Amino acid sequence: MKGKVAVIVLGGMPSGVPGNLAAHYSSPDELARTFARAGAVGVLALPNLRVLEVSWERAVQGQQHPVMVLAHPTSQQSVDIPLVTAFNPAAANTLLKGSGHTFEELLALADAGKPMPHFTLPVSLRGEVALEKSELSSVNVVGRLPGSEPKLAGESVVLSAHLDHLGLGEPVNGDGDRVYNGVMDNATGVAALLEVARVLQEKKAHPRRTVLFVAVTGEEKGLLGSRWFASHPPEGSGRMVADLNLDMFLPLTPLQRLVAYGVEESSLAAPLKATASRMGVEVMRDPNPEANGFTRSDQYSFILEGVPAMSFRFGYRKGSKEERLHKEWHAKRYHAPGDDLSQPVDREGAARFVSLLADLTSRVADAPERPSWNKDSFFRRFEQPGTPAPTAQPAP
Ligand SMILES: [Zn+2]
């Protein structure tokens, strides 16, 4: 592909590729690395509208926010392709003209989970990229509850949630409202994290391992704060052994079912299932694996540093009223000004989720064994062998 522009027709993977693996290889950085290795100078994605969570028009508006990158890139982010963008799927056939293929045919193959053909397009593309650059700084906020057991206090369990959202943008409802509030995404996550901290303090819990409460910045700009934190943990963080991440856990309904991204991958499944069954909550499979939930939020930064991790969302059965609520929420409020305080929230569901999370945090922090990746987990490869546990600093 030397000097060529790769056109990715549709995200996703053939059926049969496990969801978390597909999510990893579909992550923007991993795709960029793959195409950079092949010599491509640009990447055009043709989104599959069936899978896209928002309309094309909303997706375009979302692109008008500035791009941000870390001033000091971490080893997790090292590839630079000059032009990476998406192409309006409504005009896809202008790209495919003369190739002997149509977009409809490719969509049908993708939707059936069949292998996709690859071929050269007879069109060429010339692009000019103008950049206006400026620097800014933003902070991660970290609270630390020191572990009580000298042998385990040098290990830490991280609770993470992103504190940023999108700021000001284009109004979408014709009401002129430009404030992207980010109540579900992700004030709820930060609130849950603070609540767990409060509950543990109130209970005078003294977890054996250290617990870190980490509100990270820049998630919406590409997991920037968590990338920095996970690869450059500040002094006193100890050896991070688990990350429990919160990013719009979506308490739209009572808490009956919970999706835990990553539950298939590590021993964190056992304490989660124990606490969920105690509360009568079913831990269910991700009903929407094409959305790549496992790699789309801050837990992924920890996974790439070898730390077993999970992230949570209220679950629903296919075809249920709950599914409709979730779909409507994405269409209307996700990354839109309508993600505000006037929307319905199931407060009891949210409170139950916080209890579950506090219990889970205690279980992981108190367990004699530190969490580990399953033997057959793909993500085990990121583990850093031989990292010695730092000297323990027990609580006074
Ligand atoms: Zn978001």
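Any residue in region 85-100 that is more than 27 Å from residue 289 (Cβ to Cβ), touching a helix residue (DSSP H, G or I) at 6+ places or on another chain (Cβ under 8 Å), outside the structural domain of residue 170 (by TED's automatic domain parsing) and part of a helix (DSSP H, G or I)? Break it down stepwise before answering.
Filtering region 85-100 for residues more than 27 Å from residue 289 (Cβ to Cβ) gives 91, 93-100.
Keeping just the survivors that are touching a helix residue (DSSP H, G or I) at 6+ places or on another chain (Cβ under 8 Å) gives 93, 96.
Subsequent filtering for residues that are outside the structural domain of residue 170 (by TED's automatic domain parsing) retains 93, 96.
Checking the rest, the ones that are also part of a helix (DSSP H, G or I) come to 93, 96.
Yes, region 85-100 has at least one match.
So, residue 71, is that one farther than 22 Å from residue 292 by Cα and either free of Cβ contacts under 8 Å to residues at least 12 places away in the same chain or assigned to a helix (DSSP H, G or I) (or both) or not?
Details: farther than 22 Å from residue 292 by Cα: yes; either free of Cβ contacts under 8 Å to residues at least 12 places away in the same chain or assigned to a helix (DSSP H, G or I) (or both): no.
When the stated conditions are applied, residue 71 does not pass them.
Out of (1) modelled with pLDDT of 95 or more; (2) among the β-branched types (Val, Ile, Thr); (3) open to solvent by 30 Å² or more (accessible area, probe 1.4 Å), what's the single condition that is false for residue 307?
Of (1) modelled with pLDDT of 95 or more; (2) among the β-branched types (Val, Ile, Thr); (3) open to solvent by 30 Å² or more (accessible area, probe 1.4 Å), only one is false for residue 307: (3).
Can you tell me which residue is least open to solvent (accessible area, probe 1.4 Å) among those in region 10-39 that are over 18 Å from residue 86 (Cβ atoms) and either without any contact (Cβ under 8 Å) to a residue 12 or more places away in the chain or in the same structural domain as residue 261 (by TED's automatic domain parsing) (or both)?
17
Got a number for residues in region 40-57 being open to solvent by 40 Å² or more (accessible area, probe 1.4 Å) and not in a loop (DSSP other than H, G, I, E, B)?
Step one: list which residues in region 40-57 are open to solvent by 40 Å² or more (accessible area, probe 1.4 Å), which gives 41, 49-53, 55-57.
Filter once more, keeping what is not in a loop (DSSP other than H, G, I, E, B): 56-57.
The total comes to 2.
Of a type in the set (D, E, K, R) and free of Cβ contacts under 8 Å to residues at least 12 places away in the same chain, is that true of residue 328? First the steps, then the outcome.
Values: of a type in the set (D, E, K, R): yes; free of Cβ contacts under 8 Å to residues at least 12 places away in the same chain: yes.
It is true that residue 328 is of a type in the set (D, E, K, R) and free of Cβ contacts under 8 Å to residues at least 12 places away in the same chain.
Of all residues in region 157-178 being among the β-branched types (Val, Ile, Thr) and at pLDDT 95 or above, which is farthest from the ligand (Cβ to nearest atom)?
Within region 157-178, the subset among the β-branched types (Val, Ile, Thr) is 157-158, 172.
Applying the additional criterion that residues be at pLDDT 95 or above yields 157-158.
Values: 157: 24, 158: 20 Å.
Out of the qualifying residues, it is 157.
Only residues that are surrounded by fewer than 11 Cβ atoms within 10 Å (Cβ to Cβ) and at pLDDT below 85: list them for region 116-130, please.
Hits for region 116-130 are 126, 128, 129, 130.
Test residue 337 against the criterion of being in contact (Cβ under 8 Å) with a residue 40 or more places away in the chain and within 16 Å of the ligand (Cβ to nearest atom), and give yes or no.
On the way: in contact (Cβ under 8 Å) with a residue 40 or more places away in the chain: yes; within 16 Å of the ligand (Cβ to nearest atom): yes.
In short, yes.
Out of the residues in region 232-282 that are part of a helix (DSSP H, G or I) and surrounded by fewer than 17 Cβ atoms within 10 Å (Cβ to Cβ), which is nearest to the ligand (Cβ to nearest atom)? Please lay out each step first, then the result.
Narrowing region 232-282 to residues part of a helix (DSSP H, G or I): 269-278.
Checking which are surrounded by fewer than 17 Cβ atoms within 10 Å (Cβ to Cβ) leaves us with 270, 273-274, 277-278.
Working: 270: 30, 273: 28, 274: 30, 277: 30, 278: 31 Å.
The qualifying residue nearest to the ligand (Cβ to nearest atom) is 273.
Would it be correct to say that residue 146 is more than 22 Å from residue 31 (Cβ to Cβ) and either within 16 Å of the ligand (Cβ to nearest atom) or open to solvent by less than 60 Å² (accessible area, probe 1.4 Å) (or both)? Let's see the steps before the verdict.
Working: more than 22 Å from residue 31 (Cβ to Cβ): yes; either within 16 Å of the ligand (Cβ to nearest atom) or open to solvent by less than 60 Å² (accessible area, probe 1.4 Å) (or both): yes.
The answer is yes for residue 146.
Filter region 91-147 for residues that are within 26 Å of the chain's Cα centre (by Cα) and within 30 Å of residue 163 (Cα to Cα) and give the result.
Result: 135, 136, 137, 138, 139, 140, 141, 142, 143, 144, 145.
Could you list, in sequence order, the residues of region 30-45 that are in contact with a Phe, Trp or Tyr (Cβ under 9 Å, 6 or more places away or on another chain), of a type in the set (A, V, I, L, M) and more than 21 Å from residue 128 (Cβ to Cβ)?
31
Could you list, in sequence order, the residues of region 184-231 that are within 16 Å of the ligand (Cβ to nearest atom), open to solvent by 30 Å² or more (accessible area, probe 1.4 Å) and of a type in the set (D, E, K, R)?
220, 221
Looking at this structure, is residue 167 open to solvent by 10 Å² or more (accessible area, probe 1.4 Å) and free of Cβ contacts under 8 Å to residues at least 40 places away in the same chain?
Numbers: open to solvent by 10 Å² or more (accessible area, probe 1.4 Å): yes; free of Cβ contacts under 8 Å to residues at least 40 places away in the same chain: no.
Answer is no for this residue.
The values are calculated or read from the model by the stated rules, or taken from the named source; none is laboratory data. Everything numeric here is computed off the predicted structure, so don't read it as measured data. Cβ sites come from the backbone with ideal geometry, for glycine too, and all protein chains shown count toward neighbours. To get the accessible areas, we keep the full protein, side chains included, count just its heavy atoms, and leave off ligands, DNA and RNA. Shrake-Rupley method; radii C 1.70, N 1.55, O 1.52, S 1.80 Å.
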